[in-house]
Amino acid sequence: MLPYLFIHSCENKEFVVRIRKSGLVAAVVGLLAIGLANPVHADPAPREGSECSMSGATRFAKGQTFICERDGSQLRWSEGIRRSNSPLEVEDAWVKVMDSGMTSAFATITNPTDEPIRIIAARSARFTPAMELHEVKMEDGAMQMQQKPGGFVVPAGETIILKPGGDHLMMMKIKQSITAGEEVPIRLITADGGRVKFDAMGRVFAGANESYDDLSDGMDQGGMDMDR
Amino acid sequence: MSDPDETQVRKVSRRGLLTAGGAAFAGAAGGIVLGRVTAPDGAVVAVEPTPRPQLSHVSPAGASAAQTIDFYGVHQAGVDTPEQTYATFLGLNLIRPSAQDADSVLRIVSDDAARLMAGRPSLGDTEPELAEIPARLSFTIGLGHPLFEKTGRVDRIPAYFPAIPAFSTDDLDDRWSSTDFYLQIASDDPLTLAHAQRMVVKALSTLTTVAWVQPGFRSPTPANEGGRASRNLMGQVDGTVNPLPGSPQFDTAVWTGAEPAWAAGGTVVIVRRIRMLLDEWDRMDVAAKEMVIGRRLDNGAPLGGDSEEDPVRLDVLDDSGLPVIPSSAHVRIAHAESDEEMILRRPYTYDAGFIDGVQDAGLIFAAYTADPRRSFIPMQQRLADKDAFNRWNTTIGSATYLIPPGCAEGDYIASGLFT
């Protein structure tokens, strides 16, 4: 188990990002561990139930998609899902520019079919070893960013919007910088193996700060009292 | 909406509200103004109309609030577009001399422009509500000589895009000179414009810096409604002799030809910042002012004519045998002899406060032409040599840009030039 994984493991309450409504003070824990994350080792060919090393990683093998999922304290490959083209329609996709570390991607996703579609994973192999589907939730007056249980469900005939402060795609430990105007190819994977590919444009954005560093910086300088 | 029985509180969609807001403006003469509030749950709610005193001036921004201009097309917007009331001109420079960065700038601006012009927020728009009233928002994107030089693309510069020389009457300040990129952002709503400008400058902040900004304004007299050309701060009707958008004359005068193919259907803009010496001008009487320009101040008619639209007759003599339009009059010297010599004048007034107690105001003179070698440059040379009007204005800034053609949906301006 890599220490890095704990940071985004939101079942692990100790590491949950908290933004207190009152004073914009974040309870930041275990900061130093982030920068010292171990390198991710190449996994052997995925098999259902075998161990994997990074939550949110995806692998394609033998016409099937495997997703690295949390199983108790272990990370294991999901069952293989047969690939198909997803009917989901994606537009207005963008990703926050970032030099290194993690960043978020956003999009508007429409389900034109009569059945709900569940998005369970996302992939951008050139830019990140793993992506997670995150939500931002208010709990006990605190805002928490965490992996969304079950992923994103797009109801039949409806549109969901991934946006800062709401559901979003978290790109872990990016392999290269993402610059303004850059086209970042992303693939969504649905529960039935459907895949939809789109390009997200690199955009300068001051918000959507999810790393602890960014948050604590913001809190230190945070001049605005939101209670007023 | 005018039916008082339908005035109870009801929820409306944002889109519906926009339409309703536009209709409220149009209906303002009827003395009814629709209010709106945001309910605690965030929903926008229309409230009972409140009778208001009849408005004597209905802002064209109100009339055009929901009007959009297409970003995509054969030509870029903002050239043959009837002049919006407000325009801001920006000169931007690349932070790094990188062709890839130049390409990114064009992608980003094109994407932002397409969305914002359609009345939709830009990607990651921090104030999406400010995108809801496009009011004929347009973006026009230009490329300056420095950009071609620093990206190693001097060989791509068309012959019709030469450097514009300084003229003897100019007193140019480098702070207004040519930059890598040019943006003309225009709208009938100044807040919409300011938002659009902020979004795009912010989106480009890792790629470019802003070298200069020139905000301008003009009278809200839509040229497309048959009104006369706008007046400038000297009271002159300015921009009468313009080619008519859509006419063969306009195509010849403004849009660039077939070669090189990548720039065909574009244009060249010369942006001159012309300071008016208003206090000196004040010393002149009306008749003298009219002689300097060659047009009447009251209705813009050429001297010897009756109305603004009358042709400028340079050969008419008065009783004493002297030309009615004096030999040194501005209109005589600026007069184009052919369609090729014409320029499209799209001037805006600037008013930048005071320098040592003297007002710093004048014109942001944006001239669009297919080939300045046959139009703007000879005309400006004649003006520098002979124009009586030179005494009352000084050009303090000059920049020139190639405006590439428009693009199809899904594409971006000047795609391929830097890749």
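Nothing in this text is a laboratory measurement; each read-out follows from the coordinates by a stated rule. The structure presented is a predicted model; accordingly, all values stated were derived computationally and were not measured. Heads up, the Cβs are rebuilt from the backbone with ideal geometry, glycines too, and the neighbour counts pull from every protein chain shown.
Here are some notes:
- Separation of alpha-carbon centers, the stretch B:307-321 and the stretch B:68-94, rounded to whole Å: 36
- Within 10 Å of the Cβ of each residue in B:104-117, the mean number of Cβ atoms contributed by other protein chains is 2.
- Inter-chain shielding of A:149-161 (mean C-beta neighbours from other protein chains, 10 Å cut-off): 0
- Cα shape, the stretch B:261-379, gyration tensor, a/c 1.5 rule: oblate
- Taking amide H positions as modeled 1.01 Å from N, with prolines and chain starts lacking one, the residues under 5 Å from residue B:324 and 5 or more places away or on another chain are B:316, B:317, B:318.
- Among the listed pairs A:137/A:173; B:150/B:386; A:175/B:202, those with a Cα-Cα distance over 31 Å are B:150/B:386.
- Per-residue ³J(HN,Hα) for the stretch B:101-106, Karplus 6.51 cos²θ - 1.76 cosθ + 1.60, θ = phi - 60°, Hz, x for Gly and Pro: 5, 4, 5, 5, 4, 5
- Panel order for B:81, B:140, by other beta carbons found within 10 Å of each beta carbon, from fewest to most: B:81, B:140.
- The stretch A:76-178: proportion of alpha-carbon pairs further apart than 23 angstrom, %: 31
- Shown here: the stretch B:161-285, whose C-alpha atoms stretch 51, 37, 37 Å along the first, second and third principal axes, sorted largest to smallest.
- Loop-located trypsin sites (Lys or Arg not before Pro) in the stretch B:261-296 (DSSP state not H, G, I, E or B) with no more than 12 neighbouring Cβ atoms inside 10 Å: B:283.
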